[in-house]
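Notes follow once the structure below has been shown.
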Amino acid sequence: MRNQLGQGKSRCPQPCKARLLCAIYSLALITAFGIAQAQDVRIIKSDAQIDALDPGIKLFVREKMAEGNTRFTDENVVLFLHGATAPSSCDFDLSYKDYSWADWMAKRGYVVYMGDYRNYGYSSRETAMDEPAAKNQPLTRSYLALRDIEAMISYIKARRGVKKVTLIGWSWGAMTAGYYASLHSENIHKLVLYAPLYSFRDHTNLGPGSGLQNKRKPDEFNFALGAYRLASEAANTGRWNGEIPVENKDEYRDPSVPVEFWKEWHGDRPDQRHTQSAELAGPERRTRGLLLSGNGPTAVACSQHLCADARYRGSL
């Protein structure tokens, strides 16, 4: 035994080193091959208008997948949920260089969906969106956004024969994703919350002291904000720049991205009345839960606020 161990010790370093180098080389080849394959994949896009749960409302849903893909399982079907300001296409499918998150995933075998809530993008818009904002109270309440998510998930499940989907929510979409998953976990395979609001006492845009707060009743939402808000290109880019923690913003992103993002967003509804002033309208859907977040609740607690205060509005 000692001789065998001794022989093993004397002969092992070179073979082990060779095997290690071979393994590293093989892994590099596999990785390079996988990247090359992903780059060569052709992506198929399919846009649809589906029925919402509420009569007369149509929801825009986009599907992207690799050409020839016939694999549809609970593991690889994904639904993106957009944030509070822009619709899904410019958030997740920006047609500029390699900035489409949807394409990146589709090239790696995922079947990717993204949808617009009512009053966003290509989905139905209420008549209040064509009236002065101050004439109506904020639109697209939290519980209505959840009904739209339910309609999207039901459509995806029926179309691809799956039982569950993975939700990837960004910003306000992370809040609605968590809200939905807490009520309908039977439909969710995995839940990804990208940049949700949580335990953030000093949020400049959403917390206490912000424009969301009723100054006379600090624990209430400011309904005077109206049905929707307008966003200009300069304001959108300025807010984005304010969230990048370096002086040179181009270190974090291609300098052309803000312009391309705006072009994509501006083109999502050419018939939108508010584009006349080079501003885009987004429904105002904030909640008391956001104001309460100034006291530092966790993401779960904030979801509870969203459920309890659905009569106010959706969040972030």
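The values are calculated or read from the model by the stated rules, or taken from the named source; none is laboratory data. Remember, predicted model here, so these are calculated numbers, not experimental data. Note: ideal-geometry Cβ built from the backbone for every residue, glycine included; neighbour counts use all protein chains shown. Accessible surface is based on the protein model in full, side chains and every heavy atom, while ligands, DNA and RNA are left aside. Shrake-Rupley method; radii C 1.70, N 1.55, O 1.52, S 1.80 Å.
Miscellaneous remarks
- Residues satisfying the stated conditions in region 57-110, i.e. of a type in the set (S, T, Y) and either loosely packed, with under 15 Cβ neighbours inside 10 Å or over 18 Å from the mean Cα position of the chain (by Cα) (or both): T70, T73, S95
- Subset of region 137-151 (residues that are without any contact (Cβ under 8 Å) to a residue 60 or more places away in the chain and over 17 Å from G178 (Cβ atoms)): none
- Test: residue in region 146-159 that is in contact with a Lys or Arg (Cβ under 8 Å, 6 or more places away or on another chain), hydroxyl-bearing (S, T, Y) and either within 23 Å of W101 (Cα to Cα) or open to solvent by less than 50 Å² (accessible area, probe 1.4 Å) (or both): no
- Here A151 meets the list (1) among the small types (G, A, S); (2) more than 17 Å from F80 (Cα to Cα); (3) under 19 Å from the mean Cα position of the chain (by Cα) almost entirely, failing just condition (2).
- Whenever a residue of region 88-111 is aromatic (F, W, Y), its partners that are open to solvent by 40 Å² or more (accessible area, probe 1.4 Å), lying with C-beta atoms within less than 6 angstrom and at least six residues away or across chains, give the pairs F92/W101; Y96/E260.
- Summed over region 109-156, residues that are closer than 22 Å to N222 by Cα, in a helix (DSSP H, G or I) and in contact with a helix residue (DSSP H, G or I) (Cβ under 9 Å, 6 or more places away or on another chain) total 9.
- Residue pairs whose Cβ atoms lie under 6 Å apart, separated by 6 or more positions or on different chains, with the first residue in region 114-136 and over 24 Å from M175 (Cα atoms) and touching a residue at least 24 places away in the same chain (Cβ under 8 Å) and the second open to solvent by 30 Å² or more (accessible area, probe 1.4 Å) and in a loop (DSSP other than H, G, I, E, B), are A128/N136.
- Yes/no for S142 being within 26 Å of A235 (Cβ to Cβ), within 19 Å of the chain's Cα centre (by Cα), at pLDDT 95 or above and among the polar types (S, T, N, Q): no
- Within region 216-241, the residues that satisfy the criterion of being in a strand (DSSP E or B), closer than 28 Å to V259 by Cβ and hydrophobic (A, V, I, L, M, F, W, C) are L230, A231.
- Residues being surrounded by 16 or more Cβ atoms within 10 Å (Cβ to Cβ) and closer than 14 Å to G115 by Cα - total across region 41-56: 2
- Scanning region 111-130 for residues that are among the acidic types (D, E) and open to solvent by less than 50 Å² (accessible area, probe 1.4 Å) turns up just one, D116.
- Residues of region 242-265 satisfying the condition of being open to solvent by 40 Å² or more (accessible area, probe 1.4 Å) and within 18 Å of D91 (Cβ to Cβ): E243, Y252, S256, V259, E260, K263, E264
- Qualifying residue in region 194-215 (condition: in a strand (DSSP E or B) and in contact with a strand residue (DSSP E or B) (Cβ under 6 Å, 6 or more places away or on another chain)): yes
- Filtering region 57-80 to residues that are assigned to a loop (DSSP other than H, G, I, E, B) and farther than 17 Å from Y117 by Cβ leaves E67, G68, N69, T70, R71, F72, T73, D74, E75, N76.
- Of the residues making up region 157-172, one or more are hydrophobic (A, V, I, L, M, F, W, C), assigned to a helix (DSSP H, G or I) and modelled with pLDDT under 95.
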